[in-house]
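The values are calculated or read from the model by the stated rules, or taken from the named source; none is laboratory data. Values in this document were obtained by computation on a predicted structure and should not be read as measured data. Heads up, the Cβs are rebuilt from the backbone with ideal geometry, glycines too, and the neighbour counts pull from every protein chain shown.
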Amino acid sequence: MELQAQEGRLIAAVGLGRVLVATAVPVERDAVAQVFPDRGGVEVIAAGVGPALAAASTASALTAAALRGEPYGLVVSAGIGGGFQPEAPVGSLVVADGIVAADLGAETADGFLPVTELGFGTVLHEPPADLVRWAADSAGARTGAVLTVSTVTGTAVRAAALRERHPTALAEAMEGFGVAEAAAAQGVPVLEIRAISNPVGPRDRAAWRIGDALAALTEGFGKLAPVLESWNRHDS
Ligand SMILES: O=C(O)c1cccc(C(=O)CC[C@H]2O[C@@H](n3cnc4c(=O)[nH]cnc43)[C@H](O)[C@@H]2O)c1
């Protein structure tokens, strides 16, 4: 579909409202915020590292905006992340077509059981497919599952186990599922966009390319900015 027509349809589909981008740390926030110097209805916060603090911070921001009568129409979890190789090389962008809680469950003698198989909660949030398609096409990103973990993968064995359980996984990070839970609780659509800083696997800080990933994050949001800003322009 012609990108402009798709963008117009997207804005109509998800309604009008401001956009909240939640990163983990200030350096990621600044990499995104520089794309919106006059804000233009896009608010970027450093929500904290890990799913719990990211969820709490996102929920607070969504609630405060709603109470002010300026509800957000879209939440984006964004930042650097690990990439499953070779599909998500360092410096590439990934847009989540599934936001997965990858270590929320129980370890058993027969392996890991997600909470859903224990009869509780959820382990998957699926962003609106047309939003995912638009964001990926606009930003030149790959689409696949992004896994949220509380413990960063540090071995090839762990990476292989995650990939076997989630064969469409392209990236691993620590906040997306928390941000998605907070968005879902208030009926706000969510996206997750990750710039790959390192391979998922054996711990090797020398292999990290955080600067390259932050540059890719800025470039990717630069391509999304016209539509993200228009989420709010119709309101004014
Ligand atoms: O010290 C280490 O070995 C180490 C390895 C991987 C990640 C970290 C972090 O402190 C990550 C914190 C931060 O960055 C995101 N991130 C980036 N790469 C990954 C990854 O491979 N797996 C999970 N998270 C990653 C994450 O979202 C956090 O916000 C330290």
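Could you please give the count of residues in the range 95-130 that are of a type in the set (D, E, K, R), assigned to a strand (DSSP E or B) and under 17 Å from GLU172 (Cα atoms)?
1
Are there any pairs with C-beta distances below 6 angstrom linking a residue in the range 205-220 that is part of a helix (DSSP H, G or I) to a residue that is surrounded by fewer than 19 Cβ atoms within 10 Å (Cβ to Cβ), with the two at least 6 apart or on different chains, and if so which?
Matching pairs, first to second residue: ASP212/GLY91; ALA216/GLY91.
Among ALA216, ALA160, ALA171, which is the only one that is within 11 Å of the ligand (Cβ to nearest atom) and modelled with pLDDT of 95 or more?
ALA171
Answer yes if at least one residue in the range 49-65 is outside any helix (DSSP H, G or I) and more than 16 Å from the ligand (Cβ to nearest atom), and no otherwise.
no
Of all residues in the range 19-43, how many are surrounded by fewer than 19 Cβ atoms within 10 Å (Cβ to Cβ), within 14 Å of the ligand (Cβ to nearest atom) and not aliphatic (A, V, I, L, M)?
Of the residues in that region, 1 qualify.
From the list ALA171, ALA135, exactly one residue is closer than 26 Å to LEU62 by Cβ, in a strand (DSSP E or B) and touching a Gly at 6+ places or on another chain (Cβ under 9 Å). Which is it?
Unique residue meeting the criteria: ALA171.
Would you confirm whether any residue within the range 224-232 is in contact with a Phe, Trp or Tyr (Cβ under 9 Å, 6 or more places away or on another chain), part of a strand (DSSP E or B) and closer than 20 Å to GLY40 by Cβ?
No: the range 224-232 contains no residue that is in contact with a Phe, Trp or Tyr (Cβ under 9 Å, 6 or more places away or on another chain), part of a strand (DSSP E or B) and closer than 20 Å to GLY40 by Cβ.
Starting from the range 27-50, keep only residues that are within 18 Å of ALA173 (Cβ to Cβ) and in contact (Cβ under 8 Å) with a residue 12 or more places away in the chain, then list their pairs with residues that are more than 13 Å from the ligand (Cβ to nearest atom) and in a helix (DSSP H, G or I) whose Cβ atoms are within a distance under 6 Å, requiring at least 6 positions of separation or different chains.
If the second residue must be more than 13 Å from the ligand (Cβ to nearest atom) and in a helix (DSSP H, G or I), the pairs left are ALA31/THR218; VAL32/PHE221; VAL44/VAL32; VAL44/ALA33; ILE45/ALA61; ALA47/THR58.
Could you pull out the residue among GLY119, GLY105 that is more than 12 Å from the ligand (Cβ to nearest atom) and either out of contact with any strand residue (DSSP E or B) (no Cβ under 6 Å at 6 or more places or on another chain) or hydroxyl-bearing (Ser, Thr, Tyr) (or both)?
The conditions single out GLY119.
Considering only the range 102-128, state which residues are among the hydrophobic types (A, V, I, L, M, F, W, C), over 17 Å from PRO167 (Cβ atoms) and either free of Cβ contacts under 8 Å to residues at least 40 places away in the same chain or in contact with an Asp or Glu (Cβ under 9 Å, 6 or more places away or on another chain) (or both).
ALA106, ALA109, LEU113, VAL115, LEU118, PHE120
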